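Just below is one structure, and these are the notes that go with it.
The numbers here are math on the coordinates, done by the rules we state, and not lab data. What you are looking at is a predicted structure, and each value in this text was computed from that prediction instead of being measured. Don't worry about glycine lacking a Cβ; one is built from the backbone with ideal geometry, like all the others, and counts go over all protein chains shown.
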Amino acid sequence: MVAASQLRARLTLGDLSVFDQPSVPVPSFEQVARRWLVEYPALHPIRPATLSNYRQFIEGHLIPFFGPKPISELTALQIEQFITAKRQPGGSIRNPARPLQDRAIHVGLVALRLILKRAARDKLIPANPMVDLEWRGAARTDRIDPFTGPELRQILAAAHQLDPAFALLVQVWAQCGARAGEIAGLQWADMDLAHGLLTIQRTYSRHRLGPTKTGRNRTVSFLHPILDDGGEWRPGSSTVAFEALGQLRQLVRADSAGPFVFGQAGKPLRSGRLHRLWRRTLLMAKVRYREPEQLRHTLASTLLSRGAPLLYVQSVGGWRSAAVLLRAYARWLPGGESATQVQPARPVESIPGWDRLDLVGVNGHNDGPVKEDSDAHPDHVLRRVKLSTPGLQSAGRHQE
């Protein structure tokens, strides 16, 4: 009764605040962001590496800058101020004296956009302020600086002196054009040592295995003649390329072979060790330093410059589309020639020393090269690679 009397008295005095809804505290940006880190992965398929990138940016950059601010107070202007601060010296956490790179900012803004999109859906903000953002980062450029044939041979010679197992990794990597994590995650079950093929179906990054960058598997040859200076691009057209196959066949017979082709103690090769060996190798070879990922760029640029079909090179490297490949490698296309033109196959007998190849078979005996009319091994590596090389058939149809 007392409460009713007080309510009537307030209404008599014109106090209409009694009809107001009780205020709900507005969550801070940090509260919304941390909740997003839990809820978003539970509702969407997202690669572990991508989620890790988002988490690092949110916890290392966004929360320290916006953390206690109510989510409803974020504006496009404040986000632009954040970008400006990160592009200044001191914007990077790993290198405090340097600015944060635009590509890293771009990744972080993708996460911020998703956070604010969810906040708008939950009516915490009237609209996503990212819509009004006026910023475009520097155009992404792939730093492609391929090795020359003589440089590759110097690198391989130095690697043999330093660590023969690492030399094998370098040669296989150069001849198949895989990404760094794909080479590290390569397992013996992925290898077809009868035909010089390997299937790339996982990557090793940040101490864990995951799917490939595009989410697609691909089977490629690791016998491309990348170490030769000739004009041939077809896998299996060089005796030098077969050296890696012979060494791999010897390794697979060893009792100590673990699940990973280039691993240690049953685990994939760590990035830190790979880069240490790589630096020492280039120093010993007296070759100008470039990241080991340039081995991949070297294969792509070399194949294109020698007239390999565009779609074939795309399938070998695992690019999402030929357009993506062309944006990075168009300058290596032969002038005035079609990138998808398939040249006549080189006869097996014309390969220097083809009949003297010493390949140790998987069963421990010398399989040796077998001519195409032989009944002993009808699916010989040289013939099989030519017929089953991924991309050649599709390239031919495209040309028609």
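Taking 23 Å as the limit for the C-alpha separation, the pairs Lys213/Lys267; Lys69/Lys123; Lys86/Lys123 exceed it in the case of Lys86/Lys123. Only alpha carbons enter this Debye calculation for the stretch 188-287, each as an equal point scatterer, and the log10 of I(q)/I(0) it gives at q = 0.19, 0.24, 0.25 Å⁻¹ is -1.25, -1.29, -1.27. Simple point charges give the picture: +1 on the Cβ of Lys and Arg, -1 on the Cβ of Asp and Glu, and for the stretch 23-132 a dipole about the Cα centre of about 280 debye. Remark on the stretch 151-209: hydrodynamic radius 12.4 angstrom, per the Kirkwood mean of 1/r across alpha carbon pairs.
Only Cα sites of the stretch 290-330 enter the Debye sum here, all with the same form factor; the resulting log10 I(q)/I(0) across q = 0.15, 0.17, 0.23, 0.34 1/Å is -0.30, -0.39, -0.70, -1.29, listed in q order. Each principal axis of the Cα cloud of the stretch 113-231 was taken in turn, and the coordinate range along them, longest first, works out to 63, 33, 29 Å.
Annotation: the residues Met284, Met130, sorted from fewest to most other C-beta atoms within 10 Å of their own C-beta, follow the order Met284, Met130.
Phi angles of the stretch 90-106 translate, via the Karplus equation with coefficients 6.51, -1.76, 1.60 and θ = phi - 60°, into HN-Hα couplings of x, x, 7, 8, 5, 10, x, 7, 10, x, 7, 5, 4, 5, 6, 5, 4 Hz per residue; Gly and Pro are given as x.
With only alpha-carbon atoms in the gyration tensor, what are the semi-axes of the equivalent ellipsoid for the stretch 23-132, in Å, largest first? Over the Cα atoms of the stretch 23-132, the semi-axes work out to 22, 17, 12 Å.
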